[in-house]
Amino acid sequence: MERAQSEPAPKDNSVLMNAVGTSLDKFQRRLRLLPLYATLRVARVLAWAIPGSREWHPTRPGPWQPGVSVLVPERGTPDLLGETLAAAVAATRHVSESTEIIVLVNGEPSTSYTDLVSRWPTVRWEFHSEALGFNGAIEAGLRLVTYDWVYLLNSDMRLEDDAIACLLPYRAPMVFGLTSQIFLTDPARRREETGWSDFRISGPNLEVFEREPEPGSLARGNFYPGGGSSLLRTEVLRRFVVGSRRYTPFYYEDAEWGVRAWSEGLECWFIPSSRAWHHHRGTVSRYWSQKEVARIFRRNELQFRLSHTSLSDRAAVAQISPEPAETLHELTRPSMMFEIARNRYVAHRFKHQGSDFGLVRDQFRALPRESAVARPRVLLVTPFAVFPPAHGGARRITEIGRGLAGHAEVLLLSDEASRYDSESYGYFAPYRSVHLIEGRADRPGEPPLSLRGRVARHAFVRLRAELRRLIAIHQPDIVQVEHMELAALADERLADEKWVITLHDVYLDGGGSDNVTVILVRDR
């Protein structure tokens, strides 16, 4: 009996020692992440402490010259590259501007491509014996690019004949990226790749994914331009690839480009009329183990999330702590922590301005109209959904937009995004672009607000932020604000801007001492 009772003791000690060891390991991991926690904390505090400005100061690339380069970063798929080049050459023949095709082979011997080089003598070939990674191959290839717009093409992607030509009308001074719609050559595969990128927040996690495109040809705001099927502004891309070196060797580089573009006031659009077909054969699995691919993907997902979301500093460290030692080492390098903190500071400031990347998906752009002369630009702002027109104010705005579009470039900014649906899209055609937002904080069953309360409610922070962004980026000649509910937006007018505010059906509150409300718009 005594022996039977004493036998469990070693087992209990073992459990205890294991628990102590686990706790100690967890403590050591957290301790190792202390510099990263402090870095994230400093970035957050600085973003709140340094007074920000409601004004946008967008990046403005210089004018571009006609011409399109096609850049194919290639490693280890010569069997697929021939079809890719045949389709790319056919696509460039439909472009009325000068073109070139460049193949940047890395990590593979040139002898593997001897037949292809002889078959495609007009293609420019460059070979690097060392593997450069996706971002590195693009960076090296951009040194060879001649033209101001470059189409990044995966070596397993097939362009339709008019794929590049369809994108060219959408180029504009403040556009960074134009992405083709992707179809999979294997009809049995689920269509998880479309070219129309987006994100969603699930608790502390940020998931980047691609949406199923809606019917129609309207261009849509794109979270990021996919690095294998997009036309990009060369001078901006050169700068962005330098900033995305930390994602080497693969994954999340192009997502980083998209975030930087939107943060700097540059636009990214998904163009469904431009079509490409993806063979979907993974190159990375040929050179890295499945376990290492998963680890690198997770590492880059973490650093992207740390850089560009408002995940709390403590929660961020808690998420990183269980990762493999190699990942912890990579994420806590001084250069990596500096880049994460710098981008996190920008992300906090972006949020403080009232902006967020959730606005991207609700932007629409019709096929641009060709015009021999520069046309004036009008930004039309409404607090209510206007399409299909269901009330007098909506019908008035519909006719205003249609009339102005004959001799001006018109942008529409509208609240109540959830009230627009596919039936509304046909009304977007006259506009240069349509920008929808949501989030006015109306509450079901709420009693009617006073006029003063309605004005305050409708001119909410998100609308103000998007208004200021659009003014800064597109520099309209006239800002035309509709409905008295938006009269408080007059506070956003800067001295050199020309505004018109139409009050529509003006009414005064009754009762009490607040029975007359005067809204004064001053000329400044």
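The values are calculated or read from the model by the stated rules, or taken from the named source; none is laboratory data. Fair warning: this is a prediction, and the values are worked out from it, not measured in the lab. Here Cβ is always computed from backbone atoms with ideal geometry, including for glycine, and neighbour counts include all displayed protein chains.
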*Check whether at least one residue in the range 88-95 is polar (S, T, N, Q), in the same structural domain as Trp277 (by TED's automatic domain parsing), loosely packed, with under 14 Cβ neighbours inside 10 Å and in contact (Cβ under 8 Å) with a residue 24 or more places away in the chain, and report yes or no.*
no
*Tell me which of these Arg295 doesn't satisfy, since it passes every other one: (1) surrounded by fewer than 19 Cβ atoms within 10 Å (Cβ to Cβ); (2) touching a Ser or Thr at 6+ places or on another chain (Cβ under 9 Å); (3) closer than 30 Å to His435 by Cβ.*
(3)
*Does Ile182 fit the bill of being in a loop (DSSP other than H, G, I, E, B) and touching a Phe, Trp or Tyr at 6+ places or on another chain (Cβ under 9 Å)?*
no
_Can you tell me which condition Ile519 does not meet? The list is (1) touching a Phe, Trp or Tyr at 6+ places or on another chain (Cβ under 7 Å); (2) of a type in the set (A, V, I, L, M, F, W, C); (3) modelled with pLDDT under 50, and all the others hold._
(1)
*Do we have any residue at all in the range 268-281 that's in contact with a Gly (Cβ under 7 Å, 6 or more places away or on another chain), of a type outside the set (Lys, Arg), assigned to a helix (DSSP H, G or I) and surrounded by 16 or more Cβ atoms within 10 Å (Cβ to Cβ)?*
no
*Might you let me know whether the range 459-480 holds any residue that is surrounded by 18 or more Cβ atoms within 10 Å (Cβ to Cβ), more than 27 Å from Cys268 (Cα to Cα) and touching a residue at least 60 places away in the same chain (Cβ under 8 Å)?*
no
*Residue in the range 129-146 that is charged (D, E, K, R) and within 22 Å of the chain's Cα centre (by Cα) present*: yes
*asked:* Can you pull out every residue in the range 237-273 that is more than 21 Å from Tyr345 (Cβ to Cβ) and either among the hydrophobic types (A, V, I, L, M, F, W, C) or touching a strand residue (DSSP E or B) at 6+ places or on another chain (Cβ under 6 Å) (or both)?
replied: Leu237, Val241, Phe250, Glu267, Cys268, Trp269, Phe270, Ile271, Pro272
*Subset of the range 126-149 [touching a helix residue (DSSP H, G or I) at 6+ places or on another chain (Cβ under 9 Å) and crowded, with 18+ Cβ neighbours inside 10 Å]*: Leu132, Gly133, Phe134, Asn135, Gly136, Ile138, Glu139, Leu142, Val145, Tyr147, Asp148, Trp149
_Residues to consider are Glu370, Glu399, Glu326; find the one that is of a type in the set (D, E, K, R), more than 19 Å from Ile501 (Cβ to Cβ) and modelled with pLDDT of 90 or more._
Glu326
*Could you check how many residues of the range 437-487 are farther than 20 Å from Phe364 by Cβ, in a helix (DSSP H, G or I), of a type outside the set (D, E, K, R) and touching a Lys or Arg at 6+ places or on another chain (Cβ under 7 Å)?*
1
*Please go through the range 63-76 and pick out each residue that is modelled with pLDDT of 90 or more and farther than 18 Å from Leu167 by Cβ.*
Pro63, Pro73, Glu74, Arg75
